[in-house]
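The values are calculated or read from the model by the stated rules, or taken from the named source; none is laboratory data. These numbers were taken from a predicted model, which means no experiment stands behind them. When we count neighbours, we look across all protein chains shown, and the Cβ atoms used for this are built from the backbone with ideal geometry, even at glycine. Surface accessibility is based on the protein's heavy atoms, side chains included, excluding ligands, DNA and RNA. Shrake-Rupley method; radii C 1.70, N 1.55, O 1.52, S 1.80 Å.
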Amino acid sequence: MVGDLRALSYDTYGCDTWRTFSLNAPADERLREITQEPYRIPFDPQAFDFVVSTSVFEHAQNKEECFREIHRVLKPGGYAIHVLPGQG
């Protein structure tokens, strides 16, 4: 997703667990590892206007902690969208 959005000229970054990156993504300084304990999104406070998560919350052990971190990295007035898989 990061690559696709960058191709459209968006200033885009991504983060995930190291296991996901090591299996699916080439090395890229715009892709960063999320630490698990404590759960930490690897960006400064108020870094983003918009946060997107796809297929994240069905795996999250502590959803409250995840939402706190998303709030921390969002600028005031920023937006977040969370996409979950549909039930089949």
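When shorter helices are ignored and each DSSP H run of at least 4 residues is given -39500 (n - 2.57), the per-residue value for the chain at 222 nm works out to -7500 deg cm²/dmol.
Per residue, segment 25-88 exposes 74 Å² of accessible surface when a 1.4 Å probe is rolled over the protein heavy atoms with every protein chain present. Figure note: THR12, THR54, THR17 ranked by solvent-accessible area, largest first, 1.4 Å probe, ligands and nucleic acids not counted: THR54, THR17, THR12.
Short-range pairs are left out: with C-alpha atoms under 8 Å and at least six residues apart, the relative contact order of segment 25-88 is 39 percent. Only protein heavy atoms count here; on that basis, with a 1.4 Å probe, TYR79 has an accessible area of about 150 Å².
Close amide-amide hydrogen proximity is noted between ALA80 and VAL51, each under 5 Å apart and 5 or more residues distant or on a separate chain (H modeled in the peptide plane; Pro and chain starts excluded).
The stretch between THR54 and ARG32, if pulled fully straight at 0.36 nm per residue, gains 6.3 nm over its current Cα-Cα span. For segment 28-74, a simple Cβ point-charge model (Lys and Arg +1, Asp and Glu -1, everything else neutral) yields a dipole of about 100 debye relative to the Cα centre. Expressed as a whole percent, the accessible area of segment 27-88 that falls on carbon and sulfur atoms is 52 (1.4 Å probe). Counting only protein chain heavy atoms and rolling a 1.4 Å probe, the accessible areas of GLU33, GLU69 rank, largest first, as GLU33, GLU69. Taken along the Cα-to-beta-carbon direction at a fixed 7 Å, the label points for ASP4 and TYR39 span 2.5 nm.
Label point of ASP16 set 7 angstrom out along Cα-Cβ; within segment 27-49, amide nitrogens under 13 Å from it belong to 27-28, 31-34.
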